[in-house]
Amino acid sequence: MTSPPEDPPPLFSEDDRDTAVRRVQDAYAEGHISHEEMDERLHRVLTARTHSDLAPALAALPEENAGTTSTIAAAGGRIKRRGAWRVPRTLKVASAFGRVHLDLSQAVIEHPVVDIELQLGTGRARITVPRDAIVDLDGLHTAWMDTLYTPRRRSRPVGPRIRISGTMGFGRLKIRHARR
């Protein structure tokens, strides 16, 4: 009797690879590893195909600082952020009633991936992302609302990845790219 074929090891995403590269570079910058060790580990990270290939390159490195998580909440009224505000790695926005306006076009974005979790009841939400941002709406669940978003045609993806998730009830979500 033959055994069933094993599932292939899971591949990882480019975000996982970018995170691994950053961890190796940070470990070198903080003096945890030598320049030669950094080169060797970066080679392993860049040639890895599965998580098990990646593990030796990250062994004994300090854990990555996951960044900050901030929550903005209001029962009613407006939630508004614009100008040169610092965007955390994870931003949770909760509003039962009212309007939400997040303008990330001039914001300080220090992370290659920013997660915005929306928990909205009724009202409108508008998010302005940087011109070169990549927007991912896969984790957003809507009940009775419209989502207005047209992805930009780009020649090269160089900006931050903005992942929008959560739940929205009644209302409308409008996402647009900054013009400059």
Legend entry - Out of 87, 108, 113, sole residue that is in contact with a helix residue (DSSP H, G or I) (Cβ under 7 Å, 6 or more places away or on another chain), under 28 Å from residue 19 (Cα atoms) and not assigned by TED's automatic domain parsing to the domain that holds residue 19: 113
Legend entry - Where a residue in the stretch 155-180 is within 13 Å of residue 129 (Cα to Cα) and its partner, wherever it lies, is at pLDDT below 85 and outside any strand (DSSP E or B), with Cβ under 6 Å and at least six apart: 175/149; 177/152
Inset, instruction - Name the residue, out of 179, 78, 82, that is out of contact with any strand residue (DSSP E or B) (no Cβ under 7 Å at 6 or more places or on another chain) and loosely packed, with under 15 Cβ neighbours inside 10 Å. - result: 179
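The values are calculated or read from the model by the stated rules, or taken from the named source; none is laboratory data. Quantities reported herein were computed from a predicted structural model and do not represent experimental measurements. Note that we place each Cβ from the backbone using ideal geometry, even for glycine, and neighbour counts take in every protein chain shown.
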